[in-house]
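Trainee: I have a structure here, written as structure tokens, and I will follow up with some questions on it.
What follows is calculated from the coordinates using simple rules that are stated; it is not laboratory data. This one's a predicted model, so the numbers in the text were calculated from it and none came from an experiment.
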Amino acid sequence: MPSRIHCLAVISLLLASGAVADEAAFPVRVEHAFGTTVIPEKPERVASVAWANHEVALALGVVPVGFAAANFGDDDDDGLLPWVSARLEELGADAPVLFDEGDGIDFEAVAAVQPDVILAAYSGLTQAEYDTLSQIAPVVAYPDGAWATDWREMIRLNSAGLGMTAEGEALIDRIDARIAETVARHPQLDGKTAMFITHLSTSNLSIVSFYTGNDTRVQFFGDLGLTMPASVREATGPGQFAAQFSAEKIDAFDDVDILVTYGSEDLVRALQADPLMSHMPAVANDALVMLGSDPLGTAANPTPLSIEWVLDDYVGLLADAARKSE
């Protein structure tokens, strides 16, 4: 039979790794856009909905009983992104129940795993969806706007719901240190401006959609030493994470050094041949970062586990584009 000292040592190690929530922290109150959620005791069965909220739990050593299957960037169609698969393997855990959210939240599937808490700090929950989920278990929702929670706040809110606030802050500090170390190797990024355009069609470049300063992809540029162009800042409305402009107004975006978007070389050729888009400095200089529907493209939207997984490659692509913009 293990000694008391041995048991205490094991508990200390688990707490240090973030694998055990501090029961003394409960009840926990989490403020969010829909009000206040009270989590009365340490959750034993954790579920999440929407995008990447399960990564917070996994990063802190907690394996959820269910979370949303990946619907973008999943190369092998198993519902798991590679950094999630790697973390499950590190924890010696099998994949849990994966919710199919192709048609929205599967409330029956969530209820079936009998969660004690539902993590949704990064999501687009409506009031009706929040109310329905709240009938299943306490819900940690986003703080302000839908899909506008940055990766740090995602960690803070979801870790609070687990009673692991200190561990969440330690995770943020570790990721911040890794980002700083990587960015320091690419001084050419400093002061460059970047714009993230959404999916463009090679057959119609007359209307250009882009992510605003409220979107996490654009917010991530700031972590990587880049700045937001004044043109994008001025086009960012309250609660708006995407906007559009006519290509006839392309001159308004002359302050963009680097252009990031999803697409292939076919799109590069179309942009450079277009009589309007080709006048954009980032296009004229070939200062383009083209992302695909693969893990790297997925991770341009930063999440707790994906950041370190793709950081070197993504920053490298941005740095190459920055050099071309000079």
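Trainee: Under 10 Å, Cα contacts only: if you run a Gaussian network model on the chain, which one of Pro238, Pro302, Pro229 comes out with the highest mean-square fluctuation?
Mentor: Pro238
Trainee: Averaged over every viewing direction, what's the projected area of the C-alpha convex hull for segment 150-261? Give it in nm², one decimal, please.
Mentor: Average of the hull's projected areas for segment 150-261 equals 8.4 nm².
Trainee: Sticking with this one: Tell me the relative contact order for the chain as a rounded percent, counting alpha carbon contacts under 8 Å between residues six or more apart.
Mentor: It rounds to 17 percent for the chain.
Trainee: Springs between alpha-carbon atoms under 10 Å, Gaussian network over the chain: tell me which of Gln219, Gln127, Gln188 tops the mean-square fluctuations.
Mentor: Result: Gln127 has the largest fluctuation of those listed.
Trainee: Next question. Out of these labelled values of Rg and Dmax of the Cα atoms in Å, [x] 21.6, 71; [y] 20.1, 62; [z] 21.2, 78, which was calculated from the coordinates shown here?
Mentor: Matching entry in [x] 21.6, 71; [y] 20.1, 62; [z] 21.2, 78: [z].
Trainee: Right, something else. Name the most mobile residue of Asn71, Asn204, Asn285, meaning the one with the largest mean-square fluctuation, in a Gaussian network model of the chain with Cα contacts below 10 Å.
Mentor: Most flexible of the set in this elastic network: Asn204.
Trainee: Also: Using helices alone, what [θ] at 222 nm do you get for the chain, with -39,500 (n - 2.57) per DSSP H run of 4 or more residues, divided over all residues and rounded to the nearest 500?
Mentor: -11000 deg cm²/dmol
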